[in-house]
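Please treat every number below as a calculation from the coordinates, not as lab data. Note that the structure is a prediction, hence the values are computed from the model and not measured. Here the Cβ is made from the backbone with ideal geometry for all residues, glycine too, and neighbour counts use every protein chain on show.
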Amino acid sequence: MYELKNVTKRYTRGKESVHALDGVDLVIGDGDRLVIQGPTGGGKSTLLQMLGGLDRPTSGEVVLDGIDLAKLSEARLTRVRSENIGFVFQSFNLIPTLTAQENVETALVPLGIKTKQRRELAAEALHSVGLGERLGHLPGEMSGGQQQRVAIARALVKKPKVLLADEPTGNLDESTRDEIMDVLERLWKEHGLTFVMVTHDSTLAKKAPRVATIRKGKITVKENAGA
């Protein structure tokens with residue numbers, strides 16, 4: 001479970017101090033699915049970075065399963081990310097010279113898993129996202145939707161507790177968007193993940209049980225009764 005307590009993040013832009021997050025309090029339970037929305041520059045991605053331990057708050061606490069991520073050493077924080085948090089980004093972030101299977105394996109290298117087991121786990125993860133026939137394909141030989149499936153497999157192959165997604169369908173057409181969301185929602189349920197997603201897409205937000213809106217660093221959370 002996440003618990004954010006009075007989290008602030010300030011940036012200096014020239015002579016101006018910008019509050020990307022301004023006293024954010026938020027609780028995300030185990031197995032929750034939360035969508036984060038808001039205008040550009042409102043703090044959405046900053047909040048996701050805090051949840052993922054990719055950035056530290058100026059002040060406040062970012063607690064995951066009783067551990068304040070803001071207080072961990074870089075080495076310990078890296079370990080928490082490697083073991084417990086999977087990331088999916090809009091731009092896929094695949095290594096172009098590696099096959100789909102090799103890209104997925106990269107998530108397991110920091111965990112010290114042996115080569116043979118890495119290959120087996122990567123193949124299993126790619127099968128779970130419908131790419132069992134694409135193990136040896138390079139990213140350039142796959143569509144955008146297929147590349148995002150590889151990215152999802154890479155995020156989940158280590159069996160994390162948390163999946164964080166930043167505009168995961170932002171580069172996809174409407175049909176492919178729906179396919180990717182079906183995959184994400186299925187895997188969220190199957191793995192019992194805590195799933196947090198940033199999106200501009202109101203159609204996707206309406207399907208989430210909870211929606212957090214950030215404007216000028218302030219957050220409000222509402223329940224979606226019909227989701």
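When the chain is treated as a Gaussian network with alpha carbon springs shorter than 10 Å, the biggest mean-square fluctuation among Ser45, Ser91, Ser202 belongs to Ser202. Based on DSSP H segments of at least four residues, each scored -39500 (n - 2.57), the chain has a per-residue ellipticity at 222 nm of -9500 deg cm²/dmol. When the C-alpha to C-alpha distance is required to be over 31 Å, the pairs from Lys116/Lys207; Lys9/Lys116; Lys159/Lys207; Lys116/Lys206; Lys71/Lys216 that qualify are Lys116/Lys207; Lys9/Lys116; Lys116/Lys206. Seen against the Cα atoms of the chain and their longest principal axis, helix 144-156 is set at about 80 degrees. Using the Cβ-Cβ distance between Ser175 and Val221 with R0 set to 25 Å, the FRET efficiency from 1/(1 + (r/R0)^6) comes to roughly 0.25.
In the set [x] 273; [y] 131; [z] 184, the label that goes with volume of the Cα convex hull per residue in Å³ computed for this structure is [y]. In order along region 125-130, the phi-based Karplus estimate (6.51 cos²θ - 1.76 cosθ + 1.60, θ = phi - 60°) of 3J(HN,Hα) comes to 5, 5, 4, 5, 9, x Hz; Gly and Pro are listed as x. Measuring between their Cα centroids, region 145-182 and region 20-56 lie 18 Å from each other. When the chain is treated as a GNM with alpha-carbon contacts under 10 Å, the residue of Ile36, Ile152, Ile67 showing the greatest mean-square fluctuation is Ile67. GNM on the chain, alpha-carbon springs under 10 angstrom: the most fluctuating residue among Thr106, Thr40, Thr213 is Thr40. In this simple spin-label approximation, Thr203 and Thr40 carry label points 7 Å from Cα along the Cα→Cβ vector, and these lie 2.1 nm apart.
Please report the equivalent ellipsoid semi-axes of region 99-200, computed as sqrt(5 x eigenvalue) of the Cα gyration tensor, largest first, in whole Å.
Details: eigenvalues 91, 56, 24 Å².
Ellipsoid half-lengths, sorted descending, are 21, 17, 11 Å.
In this label model, Arg10 and Ile67 are separated by 2.9 nm, measuring between points 7 Å along each Cα→Cβ vector.
Extension gain, Asp182-Glu3: 0.36 nm per intervening residue step, less the Cα-Cα distance, totals 61.7 nm.
Loop-located trypsin sites (Lys or Arg not before Pro) in region 104-159 (DSSP state not H, G, I, E or B) with no more than 11 neighbouring Cβ atoms inside 10 Å: Lys114. A cut-off of 5 Å between modelled amide H atoms, ignoring neighbours fewer than 5 places along the same chain, links Gly86 with Val162, Leu163, Leu164.
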